[in-house]
Amino acid sequence: MVSYSSVLTAISKFDDFSRELCVQALLDIMDMFCDRLSCHGKAEECIGLCRALLSALHWLLRCTAASAEWFQEGLEAGTPAAGEKQLAMCLQRLEKTLSSTKNRALLHIAKLEEASLHTSQGLGQGGTRANQPTASWTAIEHSLLKLGEILANLSNPQLRSQAEQCGTLIRSIPSMLSVHSEQPHKTGFPTVHALVLLEGTMNLTGETQPLVEQLMMVKRMQHIPTPLFVLEIWKACLVGLIESPEGTEELKWTAFTFLKIPQVLVKLKKYSHGDKDFTEDVNCAFEFLLKLTPLLDKADQRSNCDFTDFLLQECRKQGLLSEASVNNLMAKRAADREHAPQPKSGENANIQPNPGLILRAEPTVTNILKTMDADHSKSPEGLLGVLGHMLSGKSLDLLLAAAAATGKLKSFARKFINLNEFTTHGSEESTKAASVRALLFDISFLMLCHVAQTYGSEVILSESSTGAEVPFFETWIQTCMPEEGKILNPDHPCFRPDSTKVESLVALLNNSSEMKLVQMNWHEACLSISAAILEILNAWENGVLAFESIQKITDNIKGKVCSLAVCAVAWLVAHVRMLGLDEREKSLQMIRQLAGPLYSENTLQFYNERVVIMSSILEHMCADVLQQTATQIKFPSTGMDTMPYWNLLPPKRPIKEVLTDIFAKVLEKGWVDSRSIHIFDTLLHMGGVYWFCNNLIKELLKETRKEHTLRAVELLYSVFCLDMQQVTLVLLGHILPGLLTDSSKWHSLMDPPGTALAKLAVWCALSSYSSHKGQASSRQKKRHREDIEDYISLFPLDDMQPSKLMRLLSSNEEDANILSSPTDRSMSSSLSASQLHTVNMRDPLNRVLANLFLLISSILGSRTAGPHTQFVQWFMEECFLKSASSLAP
C-alpha cells in the first residue's frame, strides 16, 4: 500500500536522535526491506526511490555519528552501555544496505541525477529546485568525514572496523560505472567448453568429424573468433584432465588431449580461410593459454611433466604450429615454470608421465593390430607373450585409450573376438598347447569384457550381416552380460544349455581337484556354467553340499580360467534380482567366493594380472545389485577407484531437486564440469527425455536477468547434447506447443527468458537437423529411442486440408501426385521437385517442425496478440539469423 521511497523519505525526516526507542524502531523498519528494495511504476517513481535511498543513507550516517558521540560520552562518564546498542544497530543497517550491489547502484543513479540537475540549472534550463533530493552527495561525504573523526577515538576495534568497511563501500559508489565499463570482452565460451568435456568424458571412441561439425556450428552461431575458439578447446582439455579421477579416466583424458584433439584441429583447419591464417590463430591461442599460468602449473603437476612442451610438439608434428612459433612459446613457458612450485626432491621421480606413455602407445597399437593379423595357429606362444605384456601394470588401459582416441578400438576389439573364437575349441593337443589355448581364450575374453565396460558394448558388436555366424563372445555379451540399463532374465534360453553338458561340468567342478584344460570347449563351458551354478546352489540350499564343497567348486571355477568366474557371476547377478530378501544370502555368498583371488601356486601364467581385470569386471557387474541388496563385497583393490562416476546421486532426495540444484550450481559457476555431466546423464536416463527437458526449460524461464538467460542458453544447449535429437523432438513437439497454446503460461515467454528460449529452440533445431542422419552415440543408444510411428500418431498431418502448406507438408514419398497437381505449381515454383521429394515426412524431426510451423501460422493468423506472438517473432528472427550464420563459410 505504501511505496518503499515514501517510507525511506519519512524515516530520513526524523532527526531527534536522543529518543533512543524511536530511533531503534525506525532502524527495525529499515531492516525489514533495505536488502530487497524495488519499484514498479513510472521512471519518475524509480528515480524517486534512488533519491529516497540517498536521503536514508545520509540519515543513517547522521544517526551513526550521533550514536557514536553518545557512546563516547558514556565511556567518559563510566557508563559504557549507553549508546553502544544503538551504534551497533546503526552500523549493522549501514552494512546491510551497502552490501547489496543493487542498492549501491541505486545510490549511484541518485548521485548522477543530482549532477544532471545541477548541470541543467547551471545552463538555465530549470526554474526551481523542487526536484532536488533532500540530501546531496556532498552532504554524504561531509557526514562520512565527521563519522570518521568521531570513530577514530573509539576504543572498540570491532565497531571501528565495521564503520571503516561501510565507509569504503560508500566511497566506491562514484566509480561503479567506470569499473564495470572496463570489463574485458567475452573470453569464455561455456558451450565449447562443455562440448569438449562431454566428448572427452563420455565419447572418446566417437568419430572426429561429427565433433568438428558440432564445434563449427557453435563457433558460427556464437560468432566466436578463431583464437578464442581454439583457446577454449585447450582450456576444456586441461580442466578435464586436471579434474579426472586417477586411473582409466586420466588415461582417457590424456589420449583425448594429445591424440584426438590435434586431429580435430587439423580438420578445423580445412574450414579456415587459409593454412597460414589458422596456424597464426593456433599460435595466438597458445599465447593466451600461456597467460593462464596456474592452470598450466596444475596440469604439469597432475601429469608429472612439462605439459605444454608435449602439447606444442604434437601440434608441430600435425602442422598446426611452425617451428619458430613452438620455440618461442616453449621459451616463454620455460621462464614461467622457473617460478612454479617445485615438487619435493625425489617425489614422483620414477613415475613416467602419461602424455609420453600415451604418445608411445599409439604406434604400439598399430604393431599389435599387425601381430593379431597373423595366423594364430602358427605361433600361439609368441602371441601369448605379447598379450601377457599388455596385461602388466596400466599397459592395457594405455593401449585401449590410445586405440579409442585414434579410431582403432573397433578394429582392436574385432581382432580379439576372432582370437577368442579361434581358441574356443581344440582338437588333439598337448597339455602345454591346451594351457596356451586356455590362456589366450581367457585373456581375450577378459580384455573384451573390460573394453565393453569402459567404452560401451557397441564397440564390440559387429554390423549385423545376414547369414554370417555370430561369434561366441558377441552372443554372450548381448544375452548374458549385465550392463547399465539392461535387465537380464536368469531363465533365458541362453542360460539353459544342453543338460548333459551341464551335468558333466558340475561333476568336473565338484569331483576334480582342478579344472581340466585338454580338449576343453571353453565357449560351451561359459554357456553351461550358469545352469551348473543353479544346480550347485540348489544342492547347497537343500543341504546336499556343505560350504567346504562350495569353496572347492568356486576355487575350481576361478583357479585356471577367470572368464568362467565372470560368466558365473553374470548369471548370479541376474538371479539375485529375482529373489526375495530372505532368499539371497547363499547367492551373494557365492558371488563373494568367486570375487576373491585363489592363493595357490598351481595356477596358469599371468594369473595375478588376470585377477586384477576380473575383479574390475565383477565390481562393475555387481554394483547395482549390491546397492539394491545393501550388501558389501570386498573386491581386490587396484589402488584406485575403478568406478569413479557411479552412484553420484544423493540418497533419499527427489531427482527434481537434484536437477534444479545441479543446474543452479552450473549456472553460478558459468561452466559444466565432468562430474556434473555424469549427474545430468544419470538424471536424463532416470527421468526420461521429457521430464529432463521440461524441468530445465522451467529453470530457464525463471531467469529474469539478460546475462543469466544468455549463459543459461549456452549451458543448456551443451547439456542437451547428451541426447540432442530426442531433446529437440520433445522441445519442439511438446514443450513449445504447450507454452504457446496455454494462455496461463504466456507471461513466462516475455523478455528476457522468452528470447532466450527462442534462441535455444533454434540452436537445438539447427543442430539436430544438421546431424540427424548421423548415428547415435553409444551413450544415447542405451536409452529408449522414440519410434517413428509414435511421432506419426502424435503429430497427424491432415492431407484433406485445402491449405497448400498443409498438403505440401503432409506429402511423403508415396504421395507424389499431390506435389505434381496443377494447383500446387505456384508453391512448387519456389522449391524444385527434387527438393520437395527429399523432404521425408515420416522423419520425426521433419514432422515436429512441420507441426510447429503450422502452429506458428495459426498464432499469426489469430486476433489475439500477446507474449506468445512476440515469442514467435523472436523465434523466426533467430531462425533467419542462425540459418544465415550456419551457411556462412
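The values are calculated or read from the model by the stated rules, or taken from the named source; none is laboratory data. Everything numeric here is computed off the predicted structure, so don't read it as measured data. Cβ atoms come from the backbone with ideal geometry, glycine included; neighbour counts cover every protein chain shown. With ligands, DNA and RNA removed, areas are computed over all heavy atoms of the protein, side chains included. Shrake-Rupley method; radii C 1.70, N 1.55, O 1.52, S 1.80 Å.
Full-extension gain between LYS332 and LEU881, please, as 0.36 nm times their residue separation minus the C-alpha to C-alpha distance.
That pair, LYS332 and LEU881, stretches by 193.5 nm at full extension.
Among all the aspartates and glutamates, which ones have a C-alpha under 15 Å from LYS656's C-alpha, if same-chain residues fewer than 8 places away are not counted?
Partners found: ASP681, GLU699.
Taking loop as defined by DSSP and a crowding limit of 15 other beta carbons within 10 Å, which GluC sites (Glu not before Pro) in the stretch 595-630 fit?
Of the GluC sites (Glu not before Pro), the ones in loops of the stretch 595-630 whose Cβ has at most 15 other Cβ atoms within 10 Å are GLU601.
In the neighborhood of ARG584, defined by Cβ-to-Cβ distances under 13 Å, what is the net charge if each Lys or Arg adds +1 and each Asp or Glu adds -1?
-1
Which aspartates and glutamates does LYS759 reach when only Cα atoms under 15 Å apart count, and residues fewer than 8 places away in its own chain are ignored?
Those aspartates and glutamates meeting the cut-off are GLU703, GLU707, GLU714, ASP751, GLU877, GLU878.
For the stretch 506-560, what class follows from the C-alpha gyration tensor (a ≥ b ≥ c being the square roots of its eigenvalues): rounded when a/c is under 1.5, otherwise prolate if a/b is larger than b/c, else oblate?
Working: a/c = 2.55, a/b = 1.53, b/c = 1.66.
Here the stretch 506-560 falls in the oblate category.
Sorted by packing (mean other beta-carbon atoms within 10 Å per residue), highest first, where do 136-142, 529-535, 215-221 land?
On the way: 136-142: 16.3, 529-535: 23.1, 215-221: 20.3.
For the peptides 136-142, 529-535, 215-221, the packing ranking is 529-535, 215-221, 136-142.
Please give me the summed charge of the neighbours of ILE11: other residues whose Cβ is under 13 Å from its Cβ, Lys and Arg +1, Asp and Glu -1.
Values: positive: LYS13, ARG62, ARG93; negative: ASP15, ASP16, ASP28, ASP31.
So the environment of ILE11 carries a net charge of -1.
What lysines sit close enough to LYS235 to cross-link, taking a C-alpha to C-alpha distance under 21 Å and skipping anything fewer than 8 places away on the same chain?
Result set, ordered by chain and number: LYS186, LYS219, LYS252, LYS260, LYS267, LYS269, LYS291, LYS298, LYS317, LYS332, LYS665, LYS669.
Work out the FRET efficiency for LYS501 and ASN542 from their Cβ-Cβ distance, taking R0 = 22 Å, and round it to the nearest 0.05.
Values: r = 23 Å, r/R0 = 1.03.
Efficiency computed from Cβ-Cβ geometry: 0.45.
In whole Å, what is the distance between the alpha-carbon centres of the stretch 499-552 and the stretch 438-465?
25 Å
Amide H to amide H, which residues 5 or more places from LEU545 or on other chains are under 5 Å from it, using H placed in the peptide plane?
TRP540
Starting from 0.36 nm per residue, how many nanometres of slack lie between ASN608 and VAL386 once their C-alpha separation is accounted for? It would help to have the intermediate numbers written out before the result.
On the way: separation 222, 0.36 × 222 = 79.92 nm, distance 1.65 nm.
Result: 78.3 nm gained on full extension.
Work out how much length LYS656 to LYS146 would gain on full extension: take 0.36 nm times their residue separation and subtract the Cα-Cα distance, in nm to one decimal.
Full-extension gain reported as 178.2 nm.
Label points 7 Å out from Cα along the Cβ direction at ASP491 and GLU20: separation in nm?
The answer from the label model is 8.5 nm.
May I ask for the net charge around GLN263, where only other residues with Cβ less than 15 Å from the Cβ of GLN263 are counted and Lys, Arg are +1 while Asp, Glu are -1?
Spelling it out: positives minus negatives among the neighbours equals +2.
Using 1/(1 + (r/R0)^6) with R0 = 41 angstrom and r between the beta carbons of ALA865 and SER38, what's the FRET efficiency to the nearest 0.05?
Efficiency computed from Cβ-Cβ geometry: 0.90.
Keeping all protein chains in the complex and leaving out DNA, RNA and ligands, what accessible area do you get for MET578 with a 1.4 Å probe, in Å² to the nearest 10?
For MET578, solvent-accessible area is about 110 Å².
Rounded if a/c is under 1.5, else prolate if a/b is larger than b/c, else oblate: which is the stretch 557-606, with a ≥ b ≥ c the root eigenvalues of its Cα gyration tensor?
In terms of gyration-tensor shape, prolate.
TYR769: accessible area at probe 1.4 Å, nearest 10 Å²?
We get 110 Å² for TYR769.
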